[in-house]
Amino acid sequence: MPQISYTAYPDATAQEIKAMASAADVSGTGELHPFLGDLTYQIEDCLHRVQLILRARGHGTTKDLDKVGTPHFAQFVPLEDNQIGFFTVYDGSFDKYIADFTKNIGPIFDLIFKFTKDPPPSPCRKHLQEFIDFAAGANRAPIGFYQAYPGLSVQDIHALIADRKSELALAG
């Protein structure tokens, strides 16, 4: 079960987003990318500590991910063998995503890295290239990657949702 589960648009389903895009005749030109990373803990007890950090930071992490502006979804998931997975889908280039991510949510990784084997230098924001390299090394290629709304960026979807809310307010 995920420790933190984030979505950039919690009030819209994939079907609703697809319907809004179709009704507005919008087809995106962006690219969505998965990031499937895992971190290994120094000792078994670390998972409990990381879970406490993630739970305590829950709503703040959501706000921070909103500030990044490009993740569609993100989850921290406990895995076997003293590992935790970080899985996300984002817009744009990997390096820009990690740079924006570091700026807005890097401090939570700085805390998690205290319990991680072979972490990058901390704080992340002062060692950006090392963090990018670390993240690239931790990233796993998916076996498959389904996209419910190919090409639509987070910002495209936010605009569609805002337009729908405006239309409903005018009609209501």
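The values are calculated or read from the model by the stated rules, or taken from the named source; none is laboratory data. The shown structure was predicted, so the numbers you read here are calculated from the model rather than taken from an experiment. Using ideal geometry, Cβ is built from the backbone for each residue, glycine included, and neighbour counts are taken over all protein chains shown. These area figures cover heavy atoms from the full protein model, side chains too; ligands, DNA and RNA do not enter into them. Shrake-Rupley method; radii C 1.70, N 1.55, O 1.52, S 1.80 Å.
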Exercise for the section: Please specify each residue of segment 19-65 satisfying the condition of being open to solvent by 80 Å² or more (accessible area, probe 1.4 Å), under 15 Å from Gly106 (Cα atoms) and touching a residue at least 24 places away in the same chain (Cβ under 8 Å). Expected result: Arg57
Exercise for the section: Starting from segment 125-140, take each residue that is on the phi < 0 side of the Ramachandran plot and list its partners that are among the acidic types (Asp, Glu) and open to solvent by 50 Å² or more (accessible area, probe 1.4 Å), counting only C-beta distances under 8 angstrom and pairs at least six apart or across chains. Expected result: Ile132/Asp95
Practice task
Could you tell me which numbered condition Phe76 fails, if it satisfies all but one of (1) in contact with a Leu (Cβ under 6 Å, 6 or more places away or on another chain); (2) at pLDDT below 85?
Solution key: (2)
Handout entry: One residue from Pro107, Pro120 being closer than 18 Å to Cys46 by Cα, of a type outside the set (S, T, N, Q) and in a loop (DSSP other than H, G, I, E, B)
Key = Pro120
Completion exercise
For Gln75, the lone unmet condition from (1) open to solvent by less than 10 Å² (accessible area, probe 1.4 Å); (2) under 23 Å from Ala136 (Cβ atoms) is (1)
Completion exercise
Residue hits (segment 130-150; assigned to a loop (DSSP other than H, G, I, E, B) and open to solvent by 80 Å² or more (accessible area, probe 1.4 Å)) are Arg140, Ala141, Ile143, Tyr146, Pro150
Handout entry: Top-ranked residue of segment 96-129 - restricted to ones that are open to solvent by 80 Å² or more (accessible area, probe 1.4 Å) and charged (D, E, K, R), ranked as nearest to Gln51 (Cα to Cα)
Key = Lys114
